[in-house]
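See structure below.
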Amino acid sequence: MFKNLTKCFSKIINKISNKGRITHENIKQTLREVRISLLEADVSLFIIKKLIKKIKKKCIGNKINKSLTPGQEFIKIVKQELISIIGNNNYKIKFLKKKLSIFLIIGLQGSGKTTSIGKLAQLFQNNYKKKILVVSTDTTRAAAIKQLKIISSQIKIDFFDSNNQQKPIDIVNKAINYANIKKYDVLFIDTAGRMHIDVHLMKEIKNIYNFIKPIETIFVVDSMIGQDSINIIKKFNKLLPITSIFLTKIDSNTRCGIVLSIKYITNIPIKFLGNGEKFNDVIIFNGKKIVSKILGMENTFSLIKSIEKKVDKKYLNKLNKKIKQGNKFNLNDFLKQIYQIKKIGNVKTILNKLPLNNNIKKNILFQINDKMFIKIDSIIKSMTIKERKNPKIIKYSRKKRIALGSGTNIQDINKLLKQFELMKNIMKKMKNIGIIKLFQNIKNMIF
C-alpha cells in the first residue's frame with residue numbers, strides 16, 4: 001500500500017532534510033516534486049492544488065527555520081496538511097444499545113461487497129464480541145446468495161437463507177424479524193451491485209434503505225477504479241445518505257491516490273480498508289497512521305514505541321528531577337545513560353531508521369556502537385568515585401592509571417570524556433524543558 005508514493009516522499013524528505021535552511025528556491029523545487037509524486041499516485045488535481053498552496057503558505061517565512069531542522073519542520077507541515085485532507089478522526093464503530101444494529105452494504109458490481117461483509121462480520125465478532133447475522137438481497141446474480149452462505153460458513157457467522165424468487169424487501173423484512181427474535185446484535189445486509197443510471201435497482205435500494213433505516217450505510221469501493229469512483233459516490237449519496245466508505249484492494253498495485261481524495265471531495269469518511277484476500281485483512285481507517293505510512297514514518301513510529309518499552313522510566317524520572325534541581329550530570333549518570341542505550345539494541349540500525357539530518361548523525365555522540373559499550377563501561381569503572389563525580393580532575397597521570405586498569409589507551413579516555421561533555425551540554429539544555437517532555441515533544445513533532 002502506497003509503496004510508490006512512500007518511495008517518492010522519502011526521497012523528497014531526504015533532500016530537504018540535508019538543506020541548512022529553507023529558501024524560496026529550494027521549497028519551490030521541493031513542492032514541484034511533491035506535486036509530481038501526487039499526480040503519479042492519481043490524487044485529484046483539485047486536492048493537489050489545495051495541498052501545495054497550504055504547504056507553501058506555511059513554509060515561506062521565518063517560522064520554518066526556528067527550533068527544529070528545516071527538514072523536520074517541512075515534514076511536520078506536510079503531515080498536518082495531509083491529515084487535514086484525509087481526515088483526522090479515529091472512527092469508533094457505533095452499535096445500538098439492546099437493539100439490532102443494521103448495516104446496509106452497497107456499491108458497484110464486482111467491488112467486493114460480499115467479501116467485505118465477511119471481513120466486517122469477523123472483525124465485529126472477534127473485536128467487539130457481537131452476535132452477527134448476515135443476509136443477501138442480491139437476487140439478480142445467480143451465485144450471490146450462495147457466495148455469502150459459503151463465506152459465513154468459513155468464518156462461522158450465522159446466515160439467513162433467501163432465494164432468487166423472493167423480493168429483496170421481503171427478504172429484509174424476514175431477516176430483521178428473525179434477528180430480533182433470536183436477539184442478534186448486528187445484521188449485515190448484502191445488496192446487488194448496481195450503477196447509479198439503473199433506475200429500477202436504484203429505486204429498489206432506496207426502498208430498502210427507507211424500510212430498514214440502517215445505523216450505517218457502507219459504500220464499498222474498488223480502489224483500482226481511481227478518481228471515477230468519486231463521481232459514482234456523489235450520485236449514490238444524492239439518493240440515499242452514505243455514512244462511510246470501505247475501500248478494497250488497497251494491497252494491489254493501484255496508485256491509491258483515491259485515499260487522499262474521497263473524504264475532502266465527498267465529505268464521506270473512509271472507515272475501513274481491505275488490504276488482502278483473507279478475512280482478517282481489514283483495517284479500521286486511521287488518518288494519522290495512513291499519513292505516517294505515506295511519509296515513510298510508520299517504521300520509525302513503531303521503533304519509538306519499542307524504545308519507550310525498553311527504557312527504564314523510573315530512571316528517566318529520577319534523572320529528570322536531578323537535572324531540574326540543578327545537580328551536575330556526572331560520569332555515573334553517563335554510564336547509566338549508556339546502559340539505557342544498550343537496552344534499546346543495535347544503535348547504528350536505529351539511528352539509520354530515524355529521520356535525522358546527516359550532520360547530526362556524523363556527530364561524535366552518535367558514533368557510539370555496540371562494541372564501544374564494553375570499553376566505556378570498563379573505563380568508567382576503573383575510575384575512583386571522586387573522578388566519576390568530577391571528571392575535570394582527570395589529568396594525564398590519572399588517565400594513565402585508568403587506561404592501565406581498563407585495558408585501553410589515553411586516546412580512548414579522551415574520546416569518552418568528549419562524549420561525556422557533549423551529553424552534559426545536552427542535559428543543560430534540557431533543564432528548563434525536562435527530559436520526558438522533550439522526548440514527547442520530539443515524538444509529536446516528527447510523527
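Quick note: the coordinates plus some simple rules give every number you see, no bench work behind them. What you see is a predicted model; the values in this text were computed from it and never measured. A quick note on method: Cβ atoms are made from the backbone with ideal geometry, for glycine too, and the neighbour counts reach across all protein chains shown.
Annotations
- Against the numbered list (1) within 14 Å of PHE272 (Cα to Cα); (2) surrounded by 15 or more Cβ atoms within 10 Å (Cβ to Cβ), LYS92 comes up short only at (2).
- Among the residues of the stretch 263-295, those that are closer than 19 Å to PHE103 by Cβ and of a type in the set (A, V, I, L, M) comprise ILE268, ILE270, LEU273, VAL282, ILE283, ILE284.
- Within the stretch 20-58, the set of residues being touching an Asp or Glu at 6+ places or on another chain (Cβ under 6 Å) and closer than 20 Å to ILE230 by Cβ comprises LEU51 only.
- For the stretch 120-130, the count of residues that are surrounded by 14 or more Cβ atoms within 10 Å (Cβ to Cβ), aromatic (Phe, Trp, Tyr) and part of a helix (DSSP H, G or I) is at least one.
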